[in-house]
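J.: First the structure, then my questions, so here it is.
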Amino acid sequence: MARRYTLLIAVFLLIVIGLAPVIAMFVKSLFIDGKISLASYGMLFQSKREWQLLFNSLLLAGSITFITVLLGVPLGTLLAKTDLPLKRLFTILFVIPLIVPPYILAIAWFYCLGRSGIVAGMFGPKIGAATSQFLFGFPGTLFVMVSTLLPVVIILMATYLRMVNQKLEEAAKLSAGWLLVLKRITIPVIAPGIFLSALIVFILAIGEFGVPSSLRFDVFPVESFVQFSAFYNFNAATAAAIPLGVITLVILIVERLFLRKKTVQFKITKEPIIIVPLKKAKPFLFTAVSILAFIFVIVPVGVLLIKSFSLRAYNEAFAISTNSIFRSLLYASIGATCLVIFGFLLGYLLERKALRFSYAADSIAVFLFALPGTVIGIGLISLWNTHATNFIYASMVIILFGYIAQYMALGERIMAATFSQVSHSMEEAAQIVGVGWVRRLFGILIPLTKRGLIATWLVGFIFCLRDLGITMMVYPPDHDTLPVRIFTLMANSPEEVIAALGVIMVVITFLPLYLLGLVTR
Amino acid sequence: MEYRNRAFIKIVSIGFIFLMTMSGCSQKGAKEVVIYVSTDQIFSEPILRDFEKGTGIKVKAVYDTEETKSTGAMNRLIAEKNNPQADVYWANEPIRAVILKEKGISIPYFSPIAEGIPSSFKDHGGYWTGFSARARVFVVSGEGEAPNSILDYTNEKWRDKAVIANPLFGTTTSWVLALFTIWGDKEAKTFMKRMKANGVKISTSNGESTTLIVNKEFAFSLVDSDDATNVIRDGKSIRQIYPDQEEGGLGTLVLPNVAVLIKGGSNPENGKKLIDYLLSPETERKLAFADCAQIPLRRGVETPPDVKKIGEIKAIRINYEDVAKKLQEIQPFLKEWTGY
Amino acid sequence: MIVEIDNVFKYYNKIPAINGVSLNIEKSERVVVLGPSGCGKTTLLRIIAGFIQPDEGKVTIDGLVVAMTGRCLVEPESRKIGMVFQDIALWPHMSVYGNLEFGLRAKNISREKRNRLIDEMLEKVQMTHFKDASPGDLSGGQQQRIALARALIMQPRILLMDEPLSNLDLDLNLLLRKEILRMQEDLGITMLYVTHDREEAFSLAMRVVLMGHGRIQKIGNADEVSKYLLDLSM
């Protein structure tokens, strides 16, 4: 009973915090001047242009997902499961592009590959013209987005690889080489995790607007964006956002039809994961990973460092952003903690099918994840901005609501995949000796899913910290976060200060991650 | 295990109390004012800090920028209509203020300070009042021949060499709207189509247009005077040209900042004080000397040498109200024109 | 009567996994459910434990109806049942001591009494020296003993065992069988044991319940069931 109520409360909060604002927006979009009308939706797909945009979006998101998984799975395996030299450093490096706000990353690449960028300066204007042509358009957008989203796959790979029962690998190792074991045993066992990372990448890619717009590749989210920021038409903006949600739901259905749960494998020992020796391949793989790290990370971050290389820039950057930095860290920590709590309960619900509507809850969370932050943001305003609820709307609570609404799916899915690695009998064994839900929670489930919880917190922290869409819409006056501040300061601020702020952003993200790493070592 | 349980309960309750205090802190105090700002934060924030220092009234701000086209302030003002959080809106151009007036979000306020400001930059009903302005100017790369009229956008000579910011956003929208009001729809549409036929490149913002010109990727672009002055002060070799200044010419569009008092704000008195401050000659002077190089609307205000006086500029004579009304009407055209 | 299973049905995707099973278990009885995998024997065990609910029929423990037509009336944690799982399911993050202690703590038993009970129980399963060991460091047989101890320390009304010895080698299997028998007789505990292994079933059971296709096919002592099976194969 207690279990049922806990889960029901979690679902209820998901609905109130996340779904209600979107429903409010959706219902409003069906009315025009007080009458039911589908006019807002009629405007969608009235021209070929919109279909072209949708095609562009699907092409871009599909390509990004394909490439990140193709690169991320071997890369994640190399970093988490082999004796690759400097793997810790590489892991940190590869995570950086996720932390730098994507629009800053795009700018860094512009400084580098633009017509008068660093490359052009080194190799002449002809090369510059070529690199600029590469950067602006589909290839450049694809490239920058892959570098931003690759960390998602790497982080999740590392998380799930740690949870694989090594007995499975040992058994297979008796008759096969490591390459075959990884390919046939390890990777298939964590297939749900890989699919999850692909899903997250796809959703983030299809909803991204900043990078494609600054690199001139037109995508579907621009429709919703234009309705908001050029015409202030909330109805049309909501209508234009719904297709993104629908695409995501279609993918969810496909997932459920074709990706039935694999057999559960849990591990009973506390031994660290088996590290695969690379032997002869080591120098080659090390070079390959170094080259990737150089291209994806060292170049853009180097550009930012060079651009910001002056004490004055950092002085100024700190002077204008100290408060925002503290707020960012505070909000992101609390937000990540909320995501862990919700993710734990909803992930449990999804994986254990503990209530009849566990799939419905999952669909809601993923749908919200796919919606543009602006839509959820305006929805939150229209729902919570009343006299009675001013204590929520005019405080940081509204930002937390936004984080929970938008990123709940991350926590829920990471935790569900974690629970899939924990045998049901672990909890049942406690239940049968008379242990109630709360004690099972704290005595069995939480300790057994510790790694997943930490991963959820880290991922939640990063995503809350870098959030712009929702925070921008709902932050109470004077409560802005660093990404918001960077974004609003970008206009007409000196380049070096913006570059410095980007560097600060990376540092403040890593600081807590580093501390947490020390604690959980 | 029990210890852990207890610790957990403690953490939860501390968190709860903490949240309560956090939300409690932001309850309305007497000595504060909430402002939403669409003028670049880098320029507006110092002005607001000065106001804070001078009056002791705490300024809480939400920023938004035209440059990066964030959707913050305007959308929030509209969405918050039923329970306004803001007392004042500082818009970067009058069109937005007119939209707010139409949507019933602002209320009139005739500031006593605004007397020196020419009446063409004020709403007759008091719904908005202009101060420091920007003008639409050409930035031109290189030393050779330069365009001197917006009609050069359609001139064969400049085929594929000109840039304009996306007319769906910001001051470029206002500029296109102004052309529609003074020329009439037919002529304006012809102009826009010919401009496109002449290979004009659409950039995401005026700032980006300027960067493209500075990097010599194109020959010229119509941008805001602050964008131009900013890069010239930075030592970049470009020229700034006010278009259509000849005798009998069209003139160029001048867009003031505007201050708007929001209906139903919690601190109307402080809001009025803040508006008075924004409209003061002091603020106009500061904005002229800041890197945004805004043009004071009052005649007597001191300016640095590279900022033109308002009297030296031949401006397009328009009624901003009419311009804003065009917005709804030509939206579909603009959307199609841009390719969005 | 400790457990009464009364005409229970359980469907998965409309296919019956338990197809009208009735079974009574007496106090201190050793009942072994024998059947091939997929015959519904584990499902039956889990219905008694309360992890799944019967779609039709009812389950009574000690005269109290605990589950009836799809509804769980008494949660598993309140049924005072012990269970040894097929995958052993020792909690890897706790020591042996912690594994035994966890259930006792939930009953708010004092520390001294907990310690005493645990020491006694570890002695009974001959694992005294492994009190502070981690389950991961134990061998398969040792893990099995701890799993048994964990179930017995709660003094359950009935002990459910789900193929507990199926993963062990034959020597160990035989040894543990003996110990299970000894402990059951010592403690006089009621036991419901599920296996697919005939020999195991016949050596442990007072009464063998032969199951197939979700139904009970034969109930009787080892000789009767073995004769039935022999007849069947001829």
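J.: What about C:Met83, is it on the phi < 0 side of the Ramachandran plot, of a type in the set (A, V, I, L, M, F, W, C) and more than 8 Å from chain A (Cβ to nearest Cβ)? First the steps, then the outcome.
T.: Numbers: on the phi < 0 side of the Ramachandran plot: yes; of a type in the set (A, V, I, L, M, F, W, C): yes; more than 8 Å from chain A (Cβ to nearest Cβ): no.
When the stated conditions are applied, C:Met83 does not pass them.
J.: To continue, here is another question. Considering only the stretch A:450-467, I want to know if a residue exists there that is at pLDDT below 90 and hydroxyl-bearing (Ser, Thr, Tyr).
T.: no
J.: Out of C:Val8, C:Val21, C:Val3, report the one residue that is touching a helix residue (DSSP H, G or I) at 6+ places or on another chain (Cβ under 8 Å), crowded, with 18+ Cβ neighbours inside 10 Å and within 15 Å of C:Tyr193 (Cβ to Cβ).
T.: On the way: C:Val8 fails: within 15 Å of C:Tyr193 (Cβ to Cβ); C:Val21 fails: within 15 Å of C:Tyr193 (Cβ to Cβ).
Going through C:Val8, C:Val21, C:Val3 in turn, the sole match is C:Val3.
J.: Scan (1) small (Gly, Ala, Ser); (2) surrounded by fewer than 24 Cβ atoms within 10 Å (Cβ to Cβ); (3) within 16 Å of C:Leu160 (Cβ to Cβ) for the single condition C:Ala89 breaks and write down its number.
T.: For C:Ala89, the exception is condition (2).
J.: Quick test for you: out of C:Leu172, C:Leu159, pick the one residue that is over 20 Å from C:Gly38 (Cβ atoms), at pLDDT below 90 and out of contact with any Asp or Glu (no Cβ under 7 Å at 6 or more places or on another chain). Write out each step before concluding.
T.: Working: C:Leu159 fails: at pLDDT below 90.
Being over 20 Å from C:Gly38 (Cβ atoms), at pLDDT below 90 and out of contact with any Asp or Glu (no Cβ under 7 Å at 6 or more places or on another chain) holds for just one of C:Leu172, C:Leu159, which is C:Leu172.
J.: Within the stretch B:206-228, restricting attention to residues that are buried (at least 24 other Cβ atoms within 10 Å of the Cβ) and hydroxyl-bearing (Ser, Thr, Tyr), which residue is farthest from B:Trp90 (Cα to Cα)?
T.: The qualifying residue farthest from B:Trp90 (Cα to Cα) is B:Ser221.
J.: Please indicate, with yes or no, whether at least one residue in the stretch C:19-28 is over 18 Å from the mean Cα position of the chain (by Cα) and at pLDDT 90 or above. Can you show your working first?
T.: If we filter the stretch C:19-28 for residues that are over 18 Å from the mean Cα position of the chain (by Cα), which is where we start, we get C:19-20.
Checking the rest, the ones that are also at pLDDT 90 or above come to C:19-20.
Yes: the stretch C:19-28 contains one or more residues that are over 18 Å from the mean Cα position of the chain (by Cα) and at pLDDT 90 or above.
J.: A further question on this structure: Would you confirm whether or not the stretch A:181-193 contains a residue that is more than 30 Å from A:Tyr111 (Cα to Cα), part of a loop (DSSP other than H, G, I, E, B) and modelled with pLDDT of 80 or more? Let's see the steps before the verdict.
T.: Going through the stretch A:181-193, the residues more than 30 Å from A:Tyr111 (Cα to Cα) turn out to be A:181-193.
Filter once more, so that each one left must be part of a loop (DSSP other than H, G, I, E, B): A:190.
With the extra rule that they be modelled with pLDDT of 80 or more, the set shrinks to A:190.
Looking through the stretch A:181-193, at least one residue is more than 30 Å from A:Tyr111 (Cα to Cα), part of a loop (DSSP other than H, G, I, E, B) and modelled with pLDDT of 80 or more.
J.: For the list (1) crowded, with 18+ Cβ neighbours inside 10 Å; (2) in a helix (DSSP H, G or I), I need the number of the one condition that B:Gln85 fails.
T.: (2)
J.: Scan the stretch B:190-203 and give yes if some residue there is of a type in the set (D, E, K, R) and either touching a Ser or Thr at 6+ places or on another chain (Cβ under 7 Å) or under 28 Å from B:Val301 (Cα atoms) (or both), otherwise no. Full working, then the answer.
T.: The first filter runs over the stretch B:190-203 and keeps only residues of a type in the set (D, E, K, R), leaving B:193-194, B:196, B:201.
From what is left, the residues that are either touching a Ser or Thr at 6+ places or on another chain (Cβ under 7 Å) or under 28 Å from B:Val301 (Cα atoms) (or both) are B:194.
Yes: the stretch B:190-203 contains one or more residues that are of a type in the set (D, E, K, R) and either touching a Ser or Thr at 6+ places or on another chain (Cβ under 7 Å) or under 28 Å from B:Val301 (Cα atoms) (or both).
J.: Right, next: For C:Leu192, state whether it is within 20 Å of C:Ile2 (Cα to Cα) and either crowded, with 22+ Cβ neighbours inside 10 Å or touching a helix residue (DSSP H, G or I) at 6+ places or on another chain (Cβ under 7 Å) (or both). Talk me through it step by step, then tell me what you get.
T.: Numbers: within 20 Å of C:Ile2 (Cα to Cα): yes; either crowded, with 22+ Cβ neighbours inside 10 Å or touching a helix residue (DSSP H, G or I) at 6+ places or on another chain (Cβ under 7 Å) (or both): yes.
Yes.
J.: Given the structure, is A:Tyr348 under 19 Å from the mean Cα position of the chain (by Cα) and modelled with pLDDT of 90 or more?
T.: Details: under 19 Å from the mean Cα position of the chain (by Cα): no; modelled with pLDDT of 90 or more: yes.
Here the answer is no, as A:Tyr348 does not meet what is asked.
J.: Here's another thing I want to ask about it. Hey, can you tell me all the residues within the stretch B:229-238 that are out of contact with any Asp or Glu (no Cβ under 8 Å at 6 or more places or on another chain) and either modelled with pLDDT under 90 or surrounded by fewer than 17 Cβ atoms within 10 Å (Cβ to Cβ) (or both)? Steps first, please.
T.: In the first step, residues of the stretch B:229-238 are kept if they are out of contact with any Asp or Glu (no Cβ under 8 Å at 6 or more places or on another chain); the result is B:231, B:234-238.
Across the stretch B:229-238, the qualifying residues are B:Val231, B:Asp234, B:Gly235, B:Lys236, B:Ser237.
J.: Another question, then. Would you list the helices (runs of 4 or more DSSP H) that sit entirely within the stretch C:78-197 and hold 2 or more residues that are polar (S, T, N, Q)?
T.: Values: elements: C:96-106, C:111-124, C:140-152, C:170-187.
Because the criterion is at least 2 residues that are polar (S, T, N, Q), the helices (runs of 4 or more DSSP H) in the stretch C:78-197 that meet it are C:140-152, C:170-187.
J.: So if I check each of A:Leu259, A:Leu252, A:Leu196, A:Leu204, which one is modelled with pLDDT of 85 or more and either crowded, with 20+ Cβ neighbours inside 10 Å or within 30 Å of A:Leu168 (Cα to Cα) (or both)?
T.: Values: A:Leu259 fails: modelled with pLDDT of 85 or more; A:Leu252 fails: modelled with pLDDT of 85 or more; A:Leu196 fails: modelled with pLDDT of 85 or more.
Exactly one of A:Leu259, A:Leu252, A:Leu196, A:Leu204 is modelled with pLDDT of 85 or more and either crowded, with 20+ Cβ neighbours inside 10 Å or within 30 Å of A:Leu168 (Cα to Cα) (or both), namely A:Leu204.
J.: A further question on this structure: I want to confirm something. Restricting to the stretch B:53-77 and keeping residues that are at pLDDT 90 or above and within 11 Å of chain A (Cβ to nearest Cβ), which single residue is farthest from B:Gly130 (Cα to Cα)? Even if it seems obvious, please write down each step before you answer.
T.: Let us first name the residues in the stretch B:53-77 that are at pLDDT 90 or above, namely B:53-62, B:77.
Going one step further and asking which of them are within 11 Å of chain A (Cβ to nearest Cβ), we end up with B:58-62, B:77.
Numbers: B:Lys58: 23, B:Val59: 20, B:Lys60: 22, B:Ala61: 20, B:Val62: 20, B:Leu77: 19 Å.
By that ranking, first place goes to B:Lys58.
J.: Within the stretch A:93-111, can you find the residues that are crowded, with 21+ Cβ neighbours inside 10 Å and under 15 Å from B:Leu212 (Cα atoms)?
T.: Those that are crowded, with 21+ Cβ neighbours inside 10 Å and under 15 Å from B:Leu212 (Cα atoms): A:Ile107, A:Phe110.
J.: List the residue pairs whose Cβ atoms are under 8 Å apart, where the first residue sits in the stretch C:123-138 and is in contact (Cβ under 8 Å) with a residue 12 or more places away in the chain and of a type in the set (Phe, Trp, Tyr), the second is assigned to a loop (DSSP other than H, G, I, E, B) and crowded, with 19+ Cβ neighbours inside 10 Å, and the two are 6 or more positions apart or on different chains.
T.: Every condition considered, the pairs that remain are C:Phe130/C:Leu138.
J.: Of the residues A:Thr471, A:Thr456, A:Thr509, A:Thr488, only one is within 20 Å of the chain's Cα centre (by Cα), farther than 30 Å from A:Phe419 by Cα, among the hydroxyl-bearing types (Ser, Thr, Tyr) and assigned to a helix (DSSP H, G or I); which? I'd like the intermediate steps shown before the answer.
T.: Numbers: A:Thr456 fails: farther than 30 Å from A:Phe419 by Cα; A:Thr509 fails: farther than 30 Å from A:Phe419 by Cα; A:Thr488 fails: within 20 Å of the chain's Cα centre (by Cα).
None of the other options fit; the residue is A:Thr471.
J.: OK, next. What are the residues in the stretch B:200-246 that are part of a loop (DSSP other than H, G, I, E, B), among the small types (Gly, Ala, Ser) and within 12 Å of another protein chain (Cβ to nearest Cβ), if any?
T.: Initial filter on the stretch B:200-246 (part of a loop (DSSP other than H, G, I, E, B)): B:200, B:204-205, B:215-219, B:234-237, B:242-246.
From what is left, the residues that are among the small types (Gly, Ala, Ser) are B:205, B:219, B:235, B:237.
Within the stretch B:200-246, B:Ser205 is the sole residue that qualifies.
J.: Say we look at the stretch A:84-112 and pick out the residues that are of a type in the set (Val, Ile, Thr) and in contact with a helix residue (DSSP H, G or I) (Cβ under 6 Å, 6 or more places away or on another chain); which of these is farthest from A:Leu482 (Cα to Cα)?
T.: Of everything passing the filter in the stretch A:84-112, A:Thr91 is farthest from A:Leu482 (Cα to Cα).
J.: A further question follows. Hey, any hits in the stretch C:64-76 for a residue that's touching a strand residue (DSSP E or B) at 6+ places or on another chain (Cβ under 8 Å) and more than 18 Å from C:Asn7 (Cβ to Cβ)?
T.: yes
J.: Return yes when A:Tyr407 is in contact with an Asp or Glu (Cβ under 9 Å, 6 or more places away or on another chain) and within 14 Å of chain B (Cβ to nearest Cβ) and no when it is not. Show your work before the answer.
T.: Values: in contact with an Asp or Glu (Cβ under 9 Å, 6 or more places away or on another chain): yes; within 14 Å of chain B (Cβ to nearest Cβ): no.
Judged against the criteria, A:Tyr407 is not a match.
J.: Please work out which one of (1) free of Cβ contacts under 8 Å to residues at least 60 places away in the same chain; (2) closer than 27 Å to A:Gly210 by Cα is the condition B:Leu168 fails and give its number.
T.: Failing condition for B:Leu168: (1).
J.: Filtering the stretch C:97-132 down to residues that are among the aliphatic types (A, V, I, L, M) and within 12 Å of another protein chain (Cβ to nearest Cβ), which residue is farthest from the chain's Cα centre (by Cα)?
T.: The initial filter retains those residues of the stretch C:97-132 that are among the aliphatic types (A, V, I, L, M), namely C:100, C:104, C:106, C:109, C:117-118, C:121-122, C:125, C:127.
Okay, now just the ones that are also within 12 Å of another protein chain (Cβ to nearest Cβ), so C:100, C:104, C:106, C:109.
Numbers: C:Leu100: 17, C:Leu104: 19, C:Ala106: 21, C:Ile109: 24 Å.
Applying the filter and picking the extreme gives C:Ile109.
The values are calculated or read from the model by the stated rules, or taken from the named source; none is laboratory data. Please read all numbers here as calculations on a predicted model, not as lab measurements. We place every Cβ from the backbone using ideal geometry, glycine too, and count neighbours over all the protein chains shown.
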